[in-house]
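To keep things clear, I will list the structure first and then write my remarks on it.
The values are calculated or read from the model by the stated rules, or taken from the named source; none is laboratory data. Only a predicted model underlies this, so the values are computations on that prediction, with no experimental measurement involved. Quick reminder, even Gly has a Cβ in these numbers, built from the backbone with ideal geometry, and neighbours come from all protein chains shown.
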């Protein structure tokens, strides 16, 4: 995906979130809820005119080993369905992915049903361009750049956090510090440790992955993409 298209998708996300935020200021006179709650993908889907539901079984689903249909867009009935039984963060990312299809691709005009397999973050391997765009939309929607930077700084202080003996010890303790220090720069070991951390020094907090409702892997990739971690 080229830079221009990435910028277009990020602009679309920011514009839609600004509209939701502006409307919420009138609705929540006593104060806005946390941003992950305010930008819940299921609520945003319903704002597009589609209904949202979580189903025990998916109609016309495909099954291949353990990779069943996780999300589906029914353009005829205007319903977005997410399969129950998935982890919370997988349901959340899948819903944000389907929202991306609604906003960016108008739910694949001309198709009655669009089905997606289980999604938890950026997917490995080659994926069709529209699926890559929906993945990016989901990551940007769930973890907006400015909000991630603000929450990151509140937990870890200086940006970026640099892997050294002190940070390794504060993140994973003495037993795990050696392995973390030995990890390669192109691995996700360090950003994963940061994404899952619930304490740093004397601070204790909700991990970034839990705060944003994302899998540790997806959150780690987002931290890496935003250059919030460095070797």
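Quick one: residue 152 ticks every box in (1) farther than 26 Å from residue 42 by Cβ; (2) touching a helix residue (DSSP H, G or I) at 6+ places or on another chain (Cβ under 9 Å); (3) modelled with pLDDT of 95 or more bar one, so which box is it?
So the condition that residue 152 fails would be (1).
Between 59, 33, which is over 18 Å from the mean Cα position of the chain (by Cα), in a loop (DSSP other than H, G, I, E, B) and at pLDDT 85 or above?
33 is the lone residue from the list that is over 18 Å from the mean Cα position of the chain (by Cα), in a loop (DSSP other than H, G, I, E, B) and at pLDDT 85 or above.
Is it true that residue 12 is within 28 Å of residue 145 (Cα to Cα), assigned to a helix (DSSP H, G or I) and modelled with pLDDT of 95 or more?
In short, yes.
Would you point out the residue of the stretch 123-171, among those that are part of a helix (DSSP H, G or I) and over 20 Å from the mean Cα position of the chain (by Cα), that is farthest from residue 17 (Cα to Cα)?
The selected residue is 165.
Just to be sure, is residue 94 out of contact with any helix residue (DSSP H, G or I) (no Cβ under 9 Å at 6 or more places or on another chain), surrounded by 21 or more Cβ atoms within 10 Å (Cβ to Cβ) and closer than 21 Å to residue 128 by Cα?
Taking the combined requirement at face value, the residue does not satisfy it.
Can you tell me how many residues in the stretch 9-42 are out of contact with any helix residue (DSSP H, G or I) (no Cβ under 9 Å at 6 or more places or on another chain) and closer than 16 Å to residue 137 by Cα?
Looking only at that region, the number is 3.
Looking at 19, 46 in this structure, which one is in contact with a strand residue (DSSP E or B) (Cβ under 9 Å, 6 or more places away or on another chain) and part of a helix (DSSP H, G or I)?
Being in contact with a strand residue (DSSP E or B) (Cβ under 9 Å, 6 or more places away or on another chain) and part of a helix (DSSP H, G or I) holds for just one of 19, 46, which is 46.
In the stretch 153-196, how many are surrounded by 17 or more Cβ atoms within 10 Å (Cβ to Cβ) and touching a strand residue (DSSP E or B) at 6+ places or on another chain (Cβ under 8 Å)?
Qualifying residue count for the region: 10.
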